[in-house]
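Take a look at the structure below.
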Amino acid sequence: MIGWYVHHHGWGHVTRMQAIRRHLDEEVTVFSSLPAPEDLDDRTTWVRLPADADPVVGSDGVRREAHELGDVTAGGALHWAPIGHPGHQERLAIIADWIARTPVSAFVIDVSVEVTAFVRLMGVPTVVFAQPGDRIDSPHLLGYDVADRIVAPWAPGTIHVEVLQGHLDRVRHVGAISRYDGRDRDRGHDHDVRRVLFLSRTLDPPQLAETVDLLTAQGWVVETAGARADDRVDDVWPMLCRATVVVSAAGQNGVADLAAVGARAVVLSQDRPFGEQEHTAHVLQSGGYAWTGPAESTPSQVVGLVERAADSTPDWTGWGVAGAAARAAGAIREVAS
């Protein structure tokens, strides 16, 4: 049995788990604060964890935020361990109880330093996912130090993360993991129509509205998927295939999907902890994979980037999407076997 912790921020960690899950024969139990996806594999059990950051009403009747309960970082050694938070305590108790009752061959963590350390303290081998950015803080060092394998979801020679250099014997560079790896490209669309797809939250609503107006005035057909509050699309592959240019954030899953379809792309890095997206965007620009800019780019700047991208011919093979999910599964089996 393989355990798997899925972080609750966004849907990217769930998507990555499902892409890799297809290549694992073992039973998997997933732990997450997120609800189970509707298309969950029938060999996978989903355990819903309580939230660990909600406000708490104390015995004095006062409602306090989690960070008001005490030092949430244990003096800087951890990222999030709120003092006396019932949800935080219960979620760890659920994981501990499951481990005590289950023959666990490996536990995959994507991502949490605290869960990594906790599971390893219980004597279970761990597989953790690395992330781009400047992750030289004590918690990240702890997580990588105790991990049995570290899956770097990018190709060798692309993204450089300094903190991993001391753990190279345990690092597996598997390439960018996309749910669309191996899917045939849909070619049934009009190539004479210039289409731009805004994929995920890249611009705030006023910026997006003005950018759409400018592009429309220049003859572009604009589509969105996850760029607004009401436009979530479960399967964006057909939209990716028919887009002349895709505008995306620099998150790992979004960029992997760009690589899977071979998109002409504009990547607008969002403000994330540890400079994750800025780091990725720099590599994309310097490697000729995409045109890039910051999230605060003006509408006219975004339009200019879209026009430049439309004339580009990027080669995404170096991003390592082909077979990446299977290679990640192989890294997990190294520990679970």
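No lab work stands behind these numbers, since they all come straight from the coordinates. A quick note: this is a predicted structure, and the numbers were derived from the prediction, not measured. Here Cβ is always computed from backbone atoms with ideal geometry, including for glycine, and neighbour counts include all displayed protein chains.
Distance between the C-alpha centres of segment 68-127 and segment 270-300: 32 Å, rounded to the whole angstrom. Computed from the Cβ-Cβ distance with R0 of 41 Å, the FRET efficiency linking residue 228 to residue 39 stands at 0.95. Relative contact order, whole percent, for segment 152-251 stands at 31, derived from Cα pairs under 8 Å and 6 or more residues apart.
If each DSSP helix of 4+ residues adds -39,500 (n - 2.57) and the sum is divided by the residues in the chain, what number results at 222 nm, nearest 500 deg cm²/dmol?
Computed mean residue ellipticity for the chain: -10000 deg cm²/dmol.
Per-residue 3J(HN,Hα) values for segment 219-231, derived from phi via the Karplus relation 6.51 cos²θ - 1.76 cosθ + 1.60 with θ = phi - 60°, read x, 7, 8, 10, 10, 9, 8, x, 8, 10, 6, 10, 10 Hz in sequence order (x marks Gly and Pro). Near residue 154, the amide H atoms lying under 5 Å from its own belong to 174, 175; only residues 5 or more places off or on other chains count, and H is placed 1.01 Å from N. Across segment 3-12, coupling constants 3J(HN,Hα) worked out from phi with the 6.51/-1.76/1.60 Karplus curve, θ = phi - 60°, read x, 8, 9, 10, 5, 8, 7, x, 10, x Hz, and Gly and Pro carry x. Karplus-derived 3J(HN,Hα) values for segment 289-294, using 6.51 cos²θ - 1.76 cosθ + 1.60 with θ = phi - 60°, are 7, 7, 7, 10, x, x Hz; glycine and proline are entered as x.
Globularity index of segment 195-317 is 0.94 (Cα radius of gyration / 2.2 N^0.38 Å, N = number of residues). Taking Cα atoms only, the orientation of helix 299-310 departs from the longest principal axis of the chain by about 80 degrees.
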